[in-house]
1. Failed condition for LEU61, given (1) within 12 Å of VAL74 (Cβ to Cβ); (2) part of a loop (DSSP other than H, G, I, E, B), with all others met?
2. Mind checking which residues of the range 51-67 are open to solvent by less than 100 Å² (accessible area, probe 1.4 Å) and either touching a residue at least 40 places away in the same chain (Cβ under 8 Å) or among the β-branched types (Val, Ile, Thr) (or both)?
3. Taking PRO47, is it more than 14 Å from the chain's Cα centre (by Cα) and either surrounded by 13 or more Cβ atoms within 10 Å (Cβ to Cβ) or among the aliphatic types (A, V, I, L, M) (or both)?
4. Here are some residues: VAL15, VAL36. Which one is over 23 Å from GLU75 (Cα atoms) and open to solvent by less than 30 Å² (accessible area, probe 1.4 Å)?
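The values are calculated or read from the model by the stated rules, or taken from the named source; none is laboratory data. Just so it is clear, the structure is predicted and the values come from calculations on it, not from any experiment. Neighbour counts are summed over all protein chains in view; Cβ atoms, including those assigned to glycine, are modelled from backbone coordinates with ideal geometry. Areas reflect the complete protein model, heavy atoms only, side chains present, ligands, DNA and RNA absent. Shrake-Rupley method; radii C 1.70, N 1.55, O 1.52, S 1.80 Å.
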Amino acid sequence: ILASDKATGGLVVIVLKRDQADDEAFGQLCRYMGWVADNMEQPEFVPVAGIIIAAEITPKLKAAAKTNPNVRLVEYGVKLELSPKGGTRQ
């Protein structure tokens, strides 16, 4: 996903992972960020930012992300609740 940051006007690359995200996701995000930096107009002095969103962030990914202050990591959770409505079943 390519988005823009309201605060800076800069571009933000968002990578969504269905399950666990490892340091390979960091490499993928950095490639995308590099392409955006080379090919899309960006406000002066505003670096391309990146976000990895996954159900689980591994220690390897946390370590890799520390090398780039423009990358954020976000974990998500899904909660499913069922509540019966209508008639009863016998």
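1. Of (1) within 12 Å of VAL74 (Cβ to Cβ); (2) part of a loop (DSSP other than H, G, I, E, B), only one is false for LEU61: (2).
2. Residues of the range 51-67 that are open to solvent by less than 100 Å² (accessible area, probe 1.4 Å), as a first pass: 51-58, 61, 63-65.
ILE51, ILE52, ILE53, ILE57, THR58, LEU61, ALA63, ALA64 - these are the residues of the range 51-67 that are open to solvent by less than 100 Å² (accessible area, probe 1.4 Å) and either touching a residue at least 40 places away in the same chain (Cβ under 8 Å) or among the β-branched types (Val, Ile, Thr) (or both).
3. yes
4. On inspection, the qualifying residue turns out to be VAL36.
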